[in-house]
Amino acid sequence: MIKRSPLDLSVLPNEIKLLLWVIQGRKKQEMIKGINLEAIDWHGFVQLAVHHRVYPSLFERLQSDAGLPIPHDVQEQLASYYKNNTFKMLYLAAEMEAIARLLEREGVHTLFLKGPILAQVLYNDLSLRTSSDLDVLIPFRHLEKVEHLLCATGYVKHEYFQTVLNDWKWRHHHMTFYHTKKKIKLEIHWRLHPGPGKEPSFAELWEKKQELKLSKTGIAFLGNEDLFLFLILHGARHGWSRLRWLVDLQKLMEQPMDGVRLQKLLKRFRATHIGGQVGILTDALLKTTVPTSLKVLNTKRRSNKLAQEALFYIKEKVNLHQEPVPEAISRYHKKHLFKLMSHRQKILFLFSFLYPYSTDVQTLPLPRRFHFLYFLLRPFLLLWRKLTKQVLI
């Protein structure tokens, strides 16, 4: 079992504490003793449940224990959200199967990363997890083919990268498509995370894949150890600003995992400290019992510090997906992301700034055959933008 972390939870508002206590399954007497329920902002409580995408789990808990001190109108609100989410997840699950069939027919291997597949595998119930889109990982060589297939079925490419010298291939990690009639967003990944950085190859992930049949179609997804690595890096990159990501990992830790293989993965991809951060956060916030096979989730000082810093995102109700992100939060996030990196990752990240950006082309347009000159010109173009106060990278 992981050693109890010394996180300072006093920074969290009472509404968050109550939310966590309900999810943890605390008894009514404990809640009444630990929190002043008369001072709870119930509207804020519901909004937090929605923001953190944990209202399905919250609703399930309220259904199983009617004695919890939650006002009836609040429970009705949560029931409405739960019902709408159930329909949405069934709708997404049907589209997930349709995409899987389409790509399988065309000989494209696909690994579904999040969404309905996680709801079924981790929660054993589509209604108990939320999702706003579908995420699919494919081999890079099939990217153009998949784009044509999706566009032929009604999807529209939602974004186009401004790029120079093909930097989009490693700086970005997915393309977004949107179906205007179905109102579904689909992200096609060729990497698990934005670059620069080392990650498992598609072939490695495919070799350890798992498969689930929701109806007739087999849906391939990551093996448990690869899924753990993916989820901790994804959640850490977003500051654990949504508690759902931690609940996902709590559920995943209940699944069988090869502790030795997981330890090798964490070391290979310089993520042991992030595994420690996750162990501490799930222990402190969700009262998770980490299985013996996952003792690799250490409690070293660095992991403790990163876990404490992550509470900032929860306390401030940070939403990194909503533009514009406030300047103070943006600065904090950039510093935190840098702290998450290993020494090698920091060096690679800093060196990546020497590689030309599309903003260099905007500052000084050159014919494509001369784009290699941007390697030499970039320091001067960067200085020029700072002197002229252009808001470009």
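Just a few scattered comments:
- Residue list for segment 89-113, restricted to those being in contact (Cβ under 8 Å) with a residue 24 or more places away in the chain and basic (Lys, Arg): Arg101
- A single entry from Ser10, Ser57 fulfils the requirement of being modelled with pLDDT of 85 or more, within 18 Å of Leu246 (Cα to Cα) and part of a helix (DSSP H, G or I): Ser57.
- Residue in segment 291-313 that is within 15 Å of Pro6 (Cβ to Cβ), assigned to a loop (DSSP other than H, G, I, E, B), of a type outside the set (D, E, K, R) and modelled with pLDDT under 95 present: yes
- Considering only residues in segment 74-124 that are more than 21 Å from the chain's Cα centre (by Cα) and part of a loop (DSSP other than H, G, I, E, B), the one that is surrounded by the fewest Cβ atoms within 10 Å (Cβ to Cβ) turns out to be Gly107.
- Conditions (1) buried (at least 19 other Cβ atoms within 10 Å of the Cβ); (2) under 22 Å from Tyr123 (Cβ atoms); (3) in contact (Cβ under 8 Å) with a residue 60 or more places away in the chain; (4) not basic (Lys, Arg): number failed by Gly239: (2)
- Residue list for segment 144-168, filter: within 24 Å of Gly107 (Cα to Cα) and surrounded by 16 or more Cβ atoms within 10 Å (Cβ to Cβ): Val146, Leu149, Leu150, Tyr155
- Among (1) surrounded by fewer than 14 Cβ atoms within 10 Å (Cβ to Cβ); (2) touching an Asp or Glu at 6+ places or on another chain (Cβ under 7 Å) - the single one Leu376 does not satisfy: (2)
- Qualifying positions in segment 322-346 - part of a helix (DSSP H, G or I) and either of a type in the set (S, T, N, Q) or loosely packed, with under 12 Cβ neighbours inside 10 Å (or both): Glu327, Ala328, Ser330, Arg331, Lys334, Lys335, His343, Arg344, Gln345
- Residue under evaluation Glu95, criteria (1) of a type outside the set (Gly, Ala, Ser); (2) modelled with pLDDT of 95 or more; (3) touching a Pro at 6+ places or on another chain (Cβ under 6 Å), criterion not met: (3)
- Search result, residues across segment 35-87 that are without any contact (Cβ under 8 Å) to a residue 12 or more places away in the chain and aromatic (Phe, Trp, Tyr): Phe87
The values are calculated or read from the model by the stated rules, or taken from the named source; none is laboratory data. Just so it is clear, the model here is predicted, and its values are computed rather than measured. Glycine also receives a Cβ, built like all others from the backbone with ideal geometry; neighbour counts cover every protein chain displayed.
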